[in-house]
Amino acid sequence: MYDVVIIGAGVIGTFIARELSRYNLEIAIIDKENDVANGTTKANTAIIHAGYDAKSGTKMARFNVLGNEMFDEICNELDVEFKRTGSLVVAFNEDDMEKVKTLYQRGIRNGVKDMTIVGKNEIKDMEPNISDDIVGGIYALSCGIIDPWNLAIGLAENAVDNGVKLLLNTEVIDINKTEDYYTILADKQKLKAKYVINCAGLYADRINNMVASPSFIIKPRRGQYFVLDKDAGNLFNTVIFQCPSKFGKGVVVAPTVHGNVIIGPNAEDIGDRDGKHTTAEALDYVRKASLRTSSKIPFKKVITTFAGLRADTNIGDFIIEESKEAKGFIDVAGIKSPGLSSAPAIAKYVVKLVDKIAGGLEKNEKFNPIRKRVLRFSKLNSEEKKQIIRFDSKYGRIVCRCEQITEGEIVDCIRRKAGATTVDGVKKRVRPGSGRCQGGFCQVRVMEILARELGKDMSEILKDNIKSYILTGRTNKGEGRC
Ligand SMILES: Cc1cc2nc3c(=O)[nH]c(=O)nc-3n(C[C@H](O)[C@H](O)[C@H](O)COP(=O)(O)OP(=O)(O)OC[C@H]3O[C@@H](n4cnc5c(N)ncnc54)[C@H](O)[C@@H]3O)c2cc1C
């Protein structure tokens with residue numbers, strides 16, 4: 001019997017798993033997908049918000065501001081790319097300027113530090129490529145950008161190192177409640193747990209409804225994006241928002257921690273929880289809206305587009321509480337934006353809930369907060385490169401030329417405890433396929449390495465989700481490659 005089973009290995013579930021591993025508990029984190037961070041955590045703007053946007057008094061406002069402050073320490077411990085770039089909300093007219101002032105006041109109420117109202121000249125100094133039409137804005141120093149994939153993967157690896165069991169390809173189909181424990185029926189097995197934490201993102205209402213009456217409904221809200229080549233990476237220094245509307249924070253133009261530019265998202269309420277495809281209309285909207293921020297955005301340098309789904313609800317705030325009808329069952333649901341920014345603070349709060357329900361938790365004296373990410377060959381100097389190649393010749397073979405990723409890095413990310421098993425799993429960890437050619441040259445090599453390392457046939461290698469086969473079989477019966 002587990003003490004705690006966490007359903008969902010997105011950034012929320014993995015944060016909670018790592019935080020709970022500080023205590024002597026038997027913990028499992030399970031996900032229906034074949035990898036960590038395959039849900040909403042995979043596709044978002046990757047911003048650690050300052051915290052002025054959420055309505056004062058909400059959990060969103062409180063956890064955003066608290067969470068933001070925790071990122072330097074956590075990213076140091078887990079070796080995750082994080083940069084405090086600061087953010088701007090820009091105004092194009094006096095009406096917008098009024099909204100900016102309202103945001104500023106809200107930021108003060110929410111406890112955001114280091115915000116200033118700035119004029120056009122100060123903004124132009126910070127962002128020379130911004131539109132001449134802006135009249136002023138708000139600058140928040142604490143806003144940052146992060147790699148959300150490496151964050152969730154780092155959290156999962158560290159949690160596993162500290163004793164947590166990670167069970168992937170494990171879809172929860174039903175949950176039975178008895179007086180003292182829960183039986184979680186997954187497609188392949190039954191798990192027993194004293195406490196269950198529901199971090200199932202877009203499916204959190206369905207998981208809640210397995211043990212209690214429906215109390216909230218998830219309403220997927222899609223956002224679509226462009227990513228620009230690193231050639232355009234120096235265009236902007238900060239995260240630049242336009243004034244928010246009733247649909248959210250509006251179209252953002254921002255640098256990424258890897259040196260690209262991200263542009264988006266829009267906001268569309270859609271019925272489909274799996275509707276992660278992009279559409280020409282929405283991308284066109286994003287393109288036109290962003291050109292208002294800067295007419296210099298070079299759309300010919302777009303290397304990819306993608307869409308993510310926000311787990312919006314009918315409640316309007318994060319839902320983080322023990323179920324009123326199911327003792328020991330905690331919902332962590334409706335974690336839309338700023339969920340990534342709030343995740344560390346949410347995790348600490350959930351641990352307090354578990355501590356209260358369990359009547360006290362005992363510290364795990366062996367907890368080790370440190371995790372090292374896969375070595376970045378391209379960041380080494382030439383002497384270090386020579387040394388590592390002497391140690392392992394796989395670091396002497398570049399597989400992804402756009403991102404300069406070696407076979408050694410790919411093998412390391414597959415052999416790790418919460419290692420990659422798919423082409424996108426490798427991409428999330430070490431980035432082959434994230435550059436200009438988007439895997440056009442390296443995808444087959446990555447598949448070959450995956451097949452060799454996992455002892456599989458090439459035709460069994462998946463791109464991403466379960467059943468996302470890339471090859472259908474051999475075109476000839478000879479010895480040639482697929
Ligand atoms: C367009 C967009 C932009 C955003 N931008 C930002 C931003 O810039 N900054 C910010 O702070 N936040 C942002 N967010 C919000 C942030 O991405 C989310 O709050 C966060 O990723 C939610 O993480 P999660 O772990 O709750 O959900 P998920 O990552 O979706 O994880 C839930 C997991 O549960 C699993 N699951 C579901 N059902 C089952 C089942 N039956 N059995 C087993 N497993 C199951 C899923 O497979 C999934 O892996 C954005 C969101 C979107 C969509």
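The values are calculated or read from the model by the stated rules, or taken from the named source; none is laboratory data. Keep in mind it's a predicted model, so treat the numbers as computed, not measured. Glycine also receives a Cβ, built like all others from the backbone with ideal geometry; neighbour counts cover every protein chain displayed.
Residues checked against (1) over 26 Å from the mean Cα position of the chain (by Cα); (2) without any contact (Cβ under 8 Å) to a residue 60 or more places away in the chain; (3) buried (at least 16 other Cβ atoms within 10 Å of the Cβ):
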| site | (1), (2), (3) |
| --- | --- |
| 92 | yes, no, yes |
| 162 | no, no, yes |
| 174 | yes, yes, no |
| 179 | yes, yes, no |
| 189 | yes, yes, no |
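Can you tell me which residue within segment 14-57, out of those that are among the polar types (S, T, N, Q) and either within 13 Å of the ligand (Cβ to nearest atom) or not assigned by TED's automatic domain parsing to the domain that holds residue 189 (or both), is farthest from residue 466 (Cα to Cα)? Steps first, answer last, please.
Step one: of segment 14-57, the residues among the polar types (S, T, N, Q) are 14, 21, 24, 34, 38, 40-41, 44-45, 56.
This time we only want the ones that are either within 13 Å of the ligand (Cβ to nearest atom) or not assigned by TED's automatic domain parsing to the domain that holds residue 189 (or both), so: 14, 34, 38, 40-41, 44-45, 56.
On the way: 14: 20, 34: 7, 38: 11, 40: 16, 41: 17, 44: 21, 45: 25, 56: 41 Å.
Restricting to residues being among the polar types (S, T, N, Q) and either within 13 Å of the ligand (Cβ to nearest atom) or not assigned by TED's automatic domain parsing to the domain that holds residue 189 (or both), the top hit is 56.
Is at least one residue of segment 52-73 outside any helix (DSSP H, G or I), touching a residue at least 24 places away in the same chain (Cβ under 8 Å) and touching a strand residue (DSSP E or B) at 6+ places or on another chain (Cβ under 8 Å)?
Within segment 52-73, one or more residues are outside any helix (DSSP H, G or I), touching a residue at least 24 places away in the same chain (Cβ under 8 Å) and touching a strand residue (DSSP E or B) at 6+ places or on another chain (Cβ under 8 Å).
Residues are listed down the side, and each one gets a yes or a no for (1) farther than 16 Å from residue 238 by Cβ; (2) of a type in the set (D, E, K, R); (3) surrounded by fewer than 22 Cβ atoms within 10 Å (Cβ to Cβ):
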{"residue": "41", "(1), (2), (3)": "yes, no, no"}
{"residue": "44", "(1), (2), (3)": "yes, no, no"}
{"residue": "52", "(1), (2), (3)": "no, no, no"}
{"residue": "67", "(1), (2), (3)": "yes, no, no"}
{"residue": "84", "(1), (2), (3)": "no, yes, yes"}
{"residue": "95", "(1), (2), (3)": "yes, yes, yes"}
{"residue": "98", "(1), (2), (3)": "yes, yes, yes"}
{"residue": "108", "(1), (2), (3)": "yes, no, yes"}
{"residue": "113", "(1), (2), (3)": "yes, yes, yes"}
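Looking at segment 432-452 only, could you name the residues that are touching a strand residue (DSSP E or B) at 6+ places or on another chain (Cβ under 6 Å) and buried (at least 22 other Cβ atoms within 10 Å of the Cβ)?
432, 442
Residue-by-condition table, conditions (1) at pLDDT below 95; (2) of a type outside the set (D, E, K, R); (3) within 13 Å of the ligand (Cβ to nearest atom):
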{"position": "219", "(1), (2), (3)": "no, no, yes"}
{"position": "230", "(1), (2), (3)": "no, no, no"}
{"position": "243", "(1), (2), (3)": "yes, yes, no"}
{"position": "254", "(1), (2), (3)": "no, yes, yes"}
{"position": "257", "(1), (2), (3)": "no, yes, yes"}
{"position": "301", "(1), (2), (3)": "no, no, no"}
{"position": "305", "(1), (2), (3)": "no, yes, yes"}
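Look at residue 316 and say whether it is surrounded by fewer than 20 Cβ atoms within 10 Å (Cβ to Cβ) and not aliphatic (A, V, I, L, M). Even if it seems obvious, please write down each step before you answer.
Numbers: surrounded by fewer than 20 Cβ atoms within 10 Å (Cβ to Cβ): yes; not aliphatic (A, V, I, L, M): yes.
Spelling it out, residue 316 is indeed surrounded by fewer than 20 Cβ atoms within 10 Å (Cβ to Cβ) and not aliphatic (A, V, I, L, M).
Scan (1) on the phi < 0 side of the Ramachandran plot; (2) within 15 Å of the ligand (Cβ to nearest atom); (3) assigned by TED's automatic domain parsing to the domain that holds residue 121 for the single condition residue 86 breaks and write down its number.
Residue 86 satisfies all of (1) on the phi < 0 side of the Ramachandran plot; (2) within 15 Å of the ligand (Cβ to nearest atom); (3) assigned by TED's automatic domain parsing to the domain that holds residue 121 except (1).
Can you tell me which residue is nearest to residue 20 (Cα to Cα) among those in segment 192-210 that are more than 10 Å from the ligand (Cβ to nearest atom) and surrounded by fewer than 20 Cβ atoms within 10 Å (Cβ to Cβ)?
194
Within segment 349-374, which residues are assigned to a loop (DSSP other than H, G, I, E, B), among the aliphatic types (A, V, I, L, M) and under 15 Å from residue 17 (Cβ atoms)? Spell out how you get there, then give the answer.
Start the filter on segment 349-374 by keeping residues that are assigned to a loop (DSSP other than H, G, I, E, B), which leaves 359-362, 364-374.
Keeping just the survivors that are among the aliphatic types (A, V, I, L, M) gives 361, 370, 374.
Scanning segment 349-374 gives a single hit, 361.
Exactly one of (1) closer than 30 Å to residue 175 by Cβ; (2) in contact with a Ser or Thr (Cβ under 6 Å, 6 or more places away or on another chain) is unmet by residue 263. Its number?
Of everything listed in (1) closer than 30 Å to residue 175 by Cβ; (2) in contact with a Ser or Thr (Cβ under 6 Å, 6 or more places away or on another chain), residue 263 misses just condition (1).
With outside any loop (DSSP other than H, G, I, E, B), within 12 Å of the ligand (Cβ to nearest atom) and not hydrophobic (A, V, I, L, M, F, W, C) as the only criterion, which of 337, 342 stands out? First the steps, then the outcome.
On the way: 337 fails: outside any loop (DSSP other than H, G, I, E, B).
So the residue among 337, 342 that is outside any loop (DSSP other than H, G, I, E, B), within 12 Å of the ligand (Cβ to nearest atom) and not hydrophobic (A, V, I, L, M, F, W, C) is 342.
Of the numbered conditions (1) touching a residue at least 60 places away in the same chain (Cβ under 8 Å); (2) touching a helix residue (DSSP H, G or I) at 6+ places or on another chain (Cβ under 6 Å); (3) farther than 26 Å from residue 256 by Cα, residue 24 fails exactly one; give the number of that condition.
(2)
Hey, among 17, 37, which residue is on the phi < 0 side of the Ramachandran plot, of a type in the set (Gly, Ala, Ser) and outside any strand (DSSP E or B)?
Numbers: 37 fails: on the phi < 0 side of the Ramachandran plot.
One residue alone meets the criteria, 17.
Being among the hydrophobic types (A, V, I, L, M, F, W, C), farther than 22 Å from residue 78 by Cβ and exposed (fewer than 14 other Cβ atoms within 10 Å of the Cβ) is the filter here, so list the residues in segment 346-391 that pass it.
391
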